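The values are calculated or read from the model by the stated rules, or taken from the named source; none is laboratory data. Everything quoted here is computed from the prediction, not taken from an experiment. Note that we place each Cβ from the backbone using ideal geometry, even for glycine, and neighbour counts take in every protein chain shown. Side chains included, ligands, DNA and RNA excluded: accessible areas come from the protein's heavy atoms. Shrake-Rupley method; radii C 1.70, N 1.55, O 1.52, S 1.80 Å.
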Amino acid sequence: MKRKLDHEHLIQELQNPQLASLAPLYVISGDEPLLLVEACDALRAAATRLSYLERQRFTLDARSDWSAVLGSTQNVSLFGDKRLVDLSLPGGKPGKIGADTLIQLANMAAQNQLIDTTVILQLPRIDRATKNTKWCQALEQAACWTEVATVGRPALAHWIAQRLTRQAQSLESPSLEWMSDKVEGNLLAAFQEIQKLALIYPPGPISQEQLEHAVLNVARYSIFDLRDAMMSGQAARTLNILDGLQAEGETPILVLWAIGEEVRLLARLAQAQAKRQDISGLLRQFRVFGPREQLLRRALQNIPVSAWYPAIQHLHDLDKLIKGLKPDGKLADPWEELRRLSLRIAVLTQGRAKAA
């Protein structure tokens, strides 16, 4: 029963009062805890409505006793009760025995051998290597598969608008962007703030003033958010993320490492490109794929090779500053110099992109 549903359509299907039965096998994968919990809770609620009276739960890894999993699907209830088997594989690596067990479960589901039993398997986000494994491919062919997408900053305003619509409330576009900035990187906090709006205000439009009165600044950022904002030419967001990292107690040396890794890689790529070399091999060598590869290629187009040498020197000066040695011409506060360096790259990327 190969099926793929996104998070929203899965929940809509499970909440349908006319739902008559569950699939024998569900796989839910992703790294967004709130959405994973919602999907699994919807499955459990649907199972309760459909008279699944037994539930067995297993949290597994490569060293677990996987025989108990198969045993839970084969034990026949004396009273013919339907059974929900709830599996969680937090590490995403089942090991050899676990992989064989998952393949067997997939085959049982495909051949309708899971009598009065539905299995739920929770996985983290599946990477490319894992997708090519036999156990993952077997599950994909047999299960109703839901891959929970991460709600990044570009999609966050739309996600908030959808959630507000569910509670008959709305915000204008600038207010949605404002709220997105306040809850970025913390979807659970965003969900809580949306629920708070439902408790404080009646249905209908919410003004910016009302929003600011209710919503806390609960944004959480990572050094990877900083990297992406800087290389996208988003100068204001770059500074906002740096402020957030500093407020959360992040160490300057880790922030410098994140910026430095990107600058040194780009300098190397820029040199290769200036020599008319194909940079695709270098990108594969450094395991750069997908959206990050697109960002780096765009930066190489927008920023001249000569710009990377001063940036590397700035990195060296910052390293000395963090270690207590103040280079000439630099500020005494490492965070201020981190702002100057990241802003320098972001503005240059932004300016060249606009010119193009």
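Just to be sure, is Thr130 buried (at least 18 other Cβ atoms within 10 Å of the Cβ) and touching a helix residue (DSSP H, G or I) at 6+ places or on another chain (Cβ under 6 Å)?
Considered against the rule, which asks whether it is buried (at least 18 other Cβ atoms within 10 Å of the Cβ) and touching a helix residue (DSSP H, G or I) at 6+ places or on another chain (Cβ under 6 Å), Thr130 comes out as no.
Pull up the range 31-72, narrow it to residues that are assigned to a loop (DSSP other than H, G, I, E, B) and not aliphatic (A, V, I, L, M), then point me to the one that is nearest to Val151 (Cα to Cα).
Glu32
Looking at the range 328-343, is at least one residue out of contact with any Asp or Glu (no Cβ under 6 Å at 6 or more places or on another chain), open to solvent by 80 Å² or more (accessible area, probe 1.4 Å), at pLDDT below 85 and in a helix (DSSP H, G or I)?
No.
If you take the residues of the range 1-24 that are in contact with an Asp or Glu (Cβ under 8 Å, 6 or more places away or on another chain) and in contact (Cβ under 8 Å) with a residue 60 or more places away in the chain, which of them is least open to solvent (accessible area, probe 1.4 Å)?
Ranking the candidates gives His7 first.
Out of all the residues in the range 285-305, which are closer than 12 Å to Leu265 by Cα, open to solvent by less than 100 Å² (accessible area, probe 1.4 Å) and free of Cβ contacts under 8 Å to residues at least 24 places away in the same chain?
Matches in the range 285-305: Phe286, Val288, Glu293, Arg297.
Name the pairs whose Cβ atoms lie under 9 Å apart, with the first residue in the range 241-259 and without any contact (Cβ under 8 Å) to a residue 40 or more places away in the chain, the second outside any helix (DSSP H, G or I) and acidic (Asp, Glu), and 6 or more positions between them or separate chains?
So the pair list comes out as Ile241/Glu184; Gly244/Glu184; Gly244/Glu250.
So, in the range 133-145, how many residues would count as being of a type in the set (Gly, Ala, Ser) and open to solvent by 20 Å² or more (accessible area, probe 1.4 Å)?
So the answer is 1.
When both residues are 6+ apart or on different chains and their Cβ atoms are under 6 Å apart, which pairs have a first residue that lies in the range 169-180 and is under 13 Å from Asn217 (Cα atoms), and a second that is surrounded by 16 or more Cβ atoms within 10 Å (Cβ to Cβ) and of a type in the set (Phe, Trp, Tyr)?
none
Evaluate the range 252-272: report whether one residue or more is surrounded by fewer than 19 Cβ atoms within 10 Å (Cβ to Cβ) and modelled with pLDDT under 85.
no
Is there a residue being in a helix (DSSP H, G or I), surrounded by 19 or more Cβ atoms within 10 Å (Cβ to Cβ) and hydroxyl-bearing (Ser, Thr, Tyr) anywhere in the range 96-118?
Yes, the range 96-118 has at least one match.
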